[in-house]
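Working notes, structure below.
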Amino acid sequence: MNVARGGYFKIGWVILLVSAGLGLLFATLLTIAPNSILSAHSFRVGDAPLAIRIWGVTWTAFSLIALVLLLIPFRRGERWAWASLWLLPLLWLSHFAFKPDTFHNLAIAVVTAVGLGLTFGAFFPKST
């Protein structure tokens, strides 16, 4: 499928790329953070540093998969990649749901959803 790459597509693609890149950055930092930071007040008292680190590893893998999807099948115009990338805003939203004082995660979720919305026309063009 050949995707018409207009201005909205490019803006949306960059937004999604930044979202996945931020996810990779934050997940990597969470994965390699010292235990003293992981047990600090920013996390719940019952959270074990190992569990938080495992969460960081899975988030890192998810972000890498999202980047691969963005760089290959999404740019090719494969609709399944567009649908799969809705997991990006859902991931950011889940971070906000588990820790409601992290409003930046909610903002990133909304911006990422807008990015996907901007690319909608490229994947589902109006029939003539």
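The values are calculated or read from the model by the stated rules, or taken from the named source; none is laboratory data. Note that the structure is a prediction, hence the values are computed from the model and not measured. Every residue, glycine among them, receives a Cβ derived from its backbone with ideal geometry; neighbour counts consider all protein chains shown. Heavy atoms of the whole protein, side chains included, go into the accessibility calculation; ligands, DNA and RNA do not. Shrake-Rupley method; radii C 1.70, N 1.55, O 1.52, S 1.80 Å.
Here are several values of Rg/Rh (Cα atoms, Kirkwood Rh): (1) 1.08; (2) 1.06; (3) 1.03. Which one was derived from the coordinates shown?
Recomputing Rg/Rh (Cα atoms, Kirkwood Rh) here gives the entry labelled (2).
If you roll a 1.4 angstrom probe over the protein chains with everything in place, what fraction of the accessible area of the chain belongs to carbon and sulfur, to the nearest %?
Result for the chain: 75 percent of the exposed heavy-atom area is carbon or sulfur.
Solvent-accessible area per residue for the chain at a 1.4 Å probe radius, Å²?
Result: 59 Å² of accessible area for each residue.
Sort largest first and round to whole Å: the equivalent ellipsoid semi-axes of the range 73-125, each the square root of five times a Cα gyration tensor eigenvalue.
Whole-Å semi-axes of the equivalent ellipsoid: 25, 10, 6.
Can you give the helix-only mean residue ellipticity at 222 nm for the chain, where every DSSP H stretch with n ≥ 4 adds -39500 (n - 2.57) and the sum goes over all residues, rounded to the nearest 500 deg cm²/dmol? Working shown, then result.
Working: 6 runs with 90 residues, N = 128.
Mean residue ellipticity, 222 nm, calculated: -23000 deg cm²/dmol.
With loop defined by DSSP as not H, G, I, E or B, and exposure as at most 12 other Cβ atoms within 10 Å, which is the longest segment of the chain clear of exposed trypsin sites (Lys or Arg not before Pro)? Don't jump to the answer; show the numbers that get you there.
On the way: sites that count: ARG44, LYS126.
That would be 45-125.
Helix 49-69 sits at what angle to the longest principal axis of the chain, using alpha carbons and giving 0 to 90 degrees rounded to 10?
10
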